[in-house]
1. Keeping every protein chain present and rolling a 1.4 Å probe, give me the accessible area per residue for the chain in Å².
2. Name the shape class, rounded, prolate or oblate, that the alpha-carbon gyration tensor gives for the stretch 113-160, where a ≥ b ≥ c are the square roots of its eigenvalues, rounded holds for a/c under 1.5, and otherwise prolate holds if a/b is larger than b/c and oblate otherwise.
3. Given a 1.4 Å probe and heavy atoms of the protein chains only, how would you sort Arg65, Arg46, largest accessible area at the top?
4. In square nanometres, what is one fourth of the surface area of the convex hull spanned by the alpha carbons of the chain?
5. Taking 20 °C and 1.002 mPa s as the conditions, I'd like the Stokes-Einstein D for the stretch 28-153 in µm²/s, using the Kirkwood hydrodynamic radius from alpha carbon pairs.
6. Mind pulling the per residue volume of the convex hull built on the Cα atoms of the stretch 195-286? Å³ is fine.
7. For the stretch 34-94, what is the convex hull volume of its Cα atoms per residue in Å³?
8. Roughly how many whole Å is it from the C-alpha centroid of the stretch 76-145 to that of the stretch 238-299?
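The values are calculated or read from the model by the stated rules, or taken from the named source; none is laboratory data. Predicted model, so just to flag it, every value in this text is computed and none were measured. Virtual Cβ from ideal backbone geometry, glycine too; neighbours counted across all protein chains shown. Quick note on the areas: whole protein, heavy atoms, side chains included, nothing else; ligands and nucleic acids left out. Shrake-Rupley method; radii C 1.70, N 1.55, O 1.52, S 1.80 Å.
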Amino acid sequence: MNPSAATTHLEIAPQGADGRFADLHLHTLFSDGTFTPEELAERGARLGLVAVSLTDHDTIEGCPRMARACASFGVEFIPGTELTSEFDANEVHLLGYFLDPENPKLLAEIKIFQAVRQNRVHEMVGRLNRLNIPLRAETVFQLANCRSPGRPHVGRALVQEGFCESLDEAFDRYLKKNRPAWVPKHRISALESIELIHQAGGLAVMAHPGLNHNDKIIPPLAAQGLDGLECFHTKHTPALSEHYLALAQRLNLLVTGGSDCHGFSKGKPLIGGVKLPAFYLEKLKEARQLRAAQSLPLANSV
Ligand code: AMP
Ligand code: ZN
Ligand code: FE
Ligand code: FE
């Protein structure tokens, strides 16, 4: 679709411009971000955000701490995650919002994700060792200090140990897809992710569709129960955001947005750089309430 033909953002959301904004895509050191939940909550408050969500890769472990920190700063908190998923051989990141952080099925799946991520670090380090780079897995784990380690941790360890000058060099030489130390990641099917998120009381949203360069997968995902589309993202140009806003409207999907802040890992912290108008957050909350009401057993049904 031609992005310039899309309806403008303000036509779709006239209520959006009331100066109240949220950032619903953030990472902490529970995955590959560099901030603690407390630091992130404080920054969100300082930036005047009315709500934030924590969406660490394949984990929800940081959510209880972030919830407490946000409460102390008077910022609304939405517990979330970003699940590595797959649709039609494409890697798709599915954001889950309003999750119950104690949901047993979700916790069990996260355990599997994390075990595989830890094995993947060993595999990546093994590949580096075969390239005569004597990095130790233990160094990566110490640096990562979390249960969801990933390529950025391996990259940072390569820089720390003097094997690369920068994180970019580490990715370019070794860690990018099809580079010699790249190891594919565990992904569950998008349908499984959507169901996992739903049964944990959440809404499922496709992250940064603009990075997938494949809009064809969005209608079938919507047919499989996807609830929303991350229209606003750091890597989306205004025209691309407009494009996804129009697509969300056409497919009757909710609209979300966030900065995908990883702290200082890639330069300047991005938190607050993408501002989701609070109007869309209200729509998200309405949908969540409707879902909860639909899944409650009727009083006279027993
Ligand atoms: P993983 O989940 O282990 O596959 O790592 C994915 C993470 O690596 C994401 O947070 C990406 O933003 C980050 N990443 C991907 N490419 C690069 C790059 N060239 N430089 C720095 N970080 C990157
Ligand atoms: Zn990340
Ligand atoms: Fe992502
Ligand atoms: Fe992310």
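1. Values: 13980 Å² over 302 residues.
For the chain, the per-residue accessible area is 46 Å².
2. Values: a/c = 2.20, a/b = 1.36, b/c = 1.61.
Cα axes put the stretch 113-160 in the oblate bin.
3. On the way: Arg65 80, Arg46 175 Å².
If we order Arg65, Arg46 from most to least accessible, we get Arg46, Arg65.
4. On the way: hull surface 66.6 nm².
Hull-based average projected area comes out at 16.6 nm².
5. Details: Rh = 15.7 Å.
Once the numbers are plugged in, D ends up at 137 µm²/s.
6. Working: hull volume 10.5 nm³, N = 92.
Roughly 114 Å³ of hull volume per residue.
7. Numbers: hull volume 5.2 nm³, N = 61.
That works out to 84 Å³ per residue.
8. About 23 Å separates the Cα centre of the stretch 76-145 from the one of the stretch 238-299.
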